[in-house]
Amino acid sequence: MSGDGALERLRREGRIVIVGASLAGLRAAETLRKEGFTGSLTLIGDEPHEPYDRPPLSKQVLLGHASADRTELPRRHGLDAQWRLGVAAAGLDMAAGRVRLDDGDEVEYDRLLITTGVRARPWPHPAEAELDGVFVLRTRDDAARLQRRLAASPRRVLVIGAGFTGSEIASACRERGLPVTVAERGAAPLVGALGGVIGQVAAELQRAHGVDLRCGIMVTGLEGDSAGRLRRAHLSDGTSIDTDVAVVSLGATRNTEWLAGSGLGAGPRGIACDAGCRAFDVRGIVTDDIFVAGDVARSPHALFGYQFLSLEHWGNAVAQAATAAHNMISSSSERRPHLWVPAFWSSQFGVNIKSVGVPSLGEEVIVAQGSLADHRFTGVYGYQGRVIAAVSFDQTKWLEFYQRQIESGAPFPPEYSSVDRRTEGLRPVPADFPDPSLPTHGPTVTVSGYSPTDQRITFTPGRG
Amino acid sequence: MRLVVDLNRCQGYAQCAFLAPDVFAMHGEESLLYNPHAEEAQREQVLRAATACPVQAILVEDTDEAPATMGEGLSGVR
Ligand SMILES: Cc1cc2nc3c(=O)[nH]c(=O)nc-3n(C[C@H](O)[C@H](O)[C@H](O)COP(=O)(O)OP(=O)(O)OC[C@H]3O[C@@H](n4cnc5c(N)ncnc54)[C@H](O)[C@@H]3O)c2cc1C
């Protein structure tokens, strides 16, 4: 049969399996149907819930403006899919085209999409992590538990790690009037994602809102009472804090363990795929029937020297899922690259933080509009004489302009004179990212070199 | 009814907060907070807000396709 005939048959009566039933999995399923796939579609998800949205969990939900169990994602198309929820994929047989489930079942596929995302990195000391009052925040069940505890007016909340999620949690707690301590190993909040210059603004914001912010500090131990309830945290400077809630916000771990030994190029840094979302095997050869999208993927990006990027961003999951789904049922000449310019938002302490590009690649940053002191500005990052990223605090309207600059490789520092340029914006300063060999939990963008089979992992949990 | 806002797209025009204030609210100068599960009684306002959004960032559940509730942990076709 001709190649075209096989593709037609795949589109008509093929079997597509999606492992990971969250944002990327749902959007891919919708795209498959929209593009005319009429074969069998199976979504496998280990959470017992239908796909829901996570960003509200650290914002509206903790503020009590929305309910943790009511953030299900809207549907745009009838999916006519087979849902296997509450059951995890436990193994993959690439040669046979089969996914093994942890209830013993097996599901065969002609095309497989992996969207298993990431999970919260737990507190590294298991007995301490078990204490009543120690939380992480990744799932709606996590959010429901945490929100219930916050509603019970704890004496103090300790947030361990001031990346985006930790900072948003601290913000919600302050808005609820709860005393909050934030312990951050780096020099400032958000330093891994945005660098030290912008991190200082994030630190000012936290302190202005009454957060007891402690930077350059590690939590060395969590102590419980005789009933197993958290009562105290010990810090690397020898002090301790009485607290009955600790939220561990030390970043995420990729959900790839189920692929161990399968022969797929999957490891702690995620699953490597080509620009068309096809997964690599461990030999560095691209597969033809296995695709990847969302937080679990690492894929090479043309705008950033074809280095592999991992993006823990909502927008990336949406865009990459659509591309992967399209490519799964298209001939090679019709396939599209995933060329999405990284972008995310965060809402904390009443400020809208948005970014485009890859700030953590930035060597220098310039305040192109507004002023750091006003907490309202646009910072532009440069790398090797090019605009590589931009971040705005309450100035979202400028970002699209800088996105175009990034896309066109515009020179850095910017030569034009921009609106509302202040004196501090006349000269770029070092962006002040932490030494990349010193891992942080902060960046939600990870640049991980050129090797599709790179299995190294750099994070070491913050224990004193 | 379910909805989601693409906040990468949102520019803080606040049309939605004006048209459906029980569902969308500005938080600070330009952050939008919304309830991802609006009351059925809000449907008309939410649809109006979605239509009015200058950057079309609001995605609302397709009415005809409202999924039947499914028991937790079950398998089902939908
Ligand atoms: C609290 C919070 C706030 C956030 N806020 C923002 C924000 O403001 N802006 C932004 O841009 N992004 C934000 N994000 C990130 C955004 O939610 C993610 O980028 C997005 O959820 C990624 O979607 P995904 O489908 O790739 O992965 P996930 O949402 O992680 O979904 C993966 C799914 O696969 C399941 N799974 C894992 N292993 C298996 C297995 N073996 N078998 C079956 N199923 C499996 C998981 O349980 C999960 O349900 C936030 C995330 C969190 C947790």
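The values are calculated or read from the model by the stated rules, or taken from the named source; none is laboratory data. Since this is a predicted model, take the numbers as computed values, not measurements. Neighbour counts run over all protein chains shown; Cβ positions are idealised from the backbone, glycine included.
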Quiz prompt | Count of the stretch A:101-118 residues which are buried (at least 16 other Cβ atoms within 10 Å of the Cβ) and within 16 Å of the ligand (Cβ to nearest atom) | solution = 10
Self-check item: Test: residue in the stretch A:15-33 that is within 14 Å of chain B (Cβ to nearest Cβ), away from the ligand (no atom under 16 Å from the Cβ), in contact (Cβ under 8 Å) with a residue 24 or more places away in the chain and more than 21 Å from the chain's Cα centre (by Cα)
Solution: yes
Quiz prompt | Among residues of the stretch A:164-182, those that are crowded, with 24+ Cβ neighbours inside 10 Å and either over 20 Å from the mean Cα position of the chain (by Cα) or more than 14 Å from the ligand (Cβ to nearest atom) (or both), counted | solution = 3
Quiz item: Say we look at the stretch A:263-300 and pick out the residues that are away from the ligand (no atom under 15 Å from the Cβ), aliphatic (A, V, I, L, M) and assigned to a loop (DSSP other than H, G, I, E, B); which of these is surrounded by the fewest Cβ atoms within 10 Å (Cβ to Cβ)?
Solution: A:ILE285
Self-check item: Given (1) within 14 Å of the ligand (Cβ to nearest atom); (2) more than 10 Å from chain B (Cβ to nearest Cβ); (3) without any contact (Cβ under 8 Å) to a residue 24 or more places away in the chain, index of the condition A:GLU8 fails
Solution: (1)
Quiz item: Within the stretch A:324-342, is even one residue buried (at least 22 other Cβ atoms within 10 Å of the Cβ), within 14 Å of another protein chain (Cβ to nearest Cβ) and either more than 13 Å from the ligand (Cβ to nearest atom) or within 19 Å of A:VAL387 (Cα to Cα) (or both)?
Solution: yes
Quiz item: Scanning for something within 16 Å of the ligand (Cβ to nearest atom), over 14 Å from the mean Cα position of the chain (by Cα) and part of a strand (DSSP E or B), does the stretch A:251-259 turn up at least one residue?
Solution: no
Quiz item: So A:THR220 fits all but one of (1) farther than 30 Å from A:ASP281 by Cα; (2) within 16 Å of the ligand (Cβ to nearest atom); what number is the exception?
Solution: (2)
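Residue by residue, here is whether (1) farther than 24 Å from A:GLY270 by Cβ; (2) more than 10 Å from the ligand (Cβ to nearest atom); (3) not acidic (Asp, Glu) holds:
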{"position": "A:ARG140", "(1), (2), (3)": "no, no, yes"}
{"position": "A:PRO154", "(1), (2), (3)": "yes, yes, yes"}
{"position": "A:VAL159", "(1), (2), (3)": "yes, yes, yes"}
{"position": "A:ALA162", "(1), (2), (3)": "no, yes, yes"}
Quiz item: For the stretch A:34-49, what are the residues that are among the charged types (D, E, K, R) and either away from the ligand (no atom under 11 Å from the Cβ) or within 10 Å of chain B (Cβ to nearest Cβ) (or both)?
Solution: A:LYS34, A:GLU35, A:GLU47
Quiz item: Which one of A:GLY97, A:GLY86, A:GLY91, A:GLY64 is in contact (Cβ under 8 Å) with a residue 40 or more places away in the chain and in contact with a Pro (Cβ under 6 Å, 6 or more places away or on another chain)?
Solution: A:GLY86
Quiz item: So which residues in the stretch A:302-318 are under 17 Å from A:SER355 (Cα atoms) and more than 8 Å from the ligand (Cβ to nearest atom)?
Solution: A:LEU303, A:PHE304, A:LEU309, A:SER310, A:VAL318
Quiz prompt | Search result, residues across the stretch A:50-61 that are more than 8 Å from the ligand (Cβ to nearest atom) and more than 15 Å from B:TYR34 (Cβ to Cβ) | solution = A:GLU50
Self-check item: Pairs where the first residue, in the stretch A:112-139, is small (Gly, Ala, Ser) and the second is part of a helix (DSSP H, G or I) and at pLDDT below 95, C-beta under 9 Å, 6+ apart
Solution: none
Quiz item: Of the conditions (1) within 20 Å of A:ALA170 (Cβ to Cβ); (2) at the interface with chain B (Cβ under 10 Å from one of its Cβ atoms), A:THR71 fails just one. Which one is it?
Solution: (1)
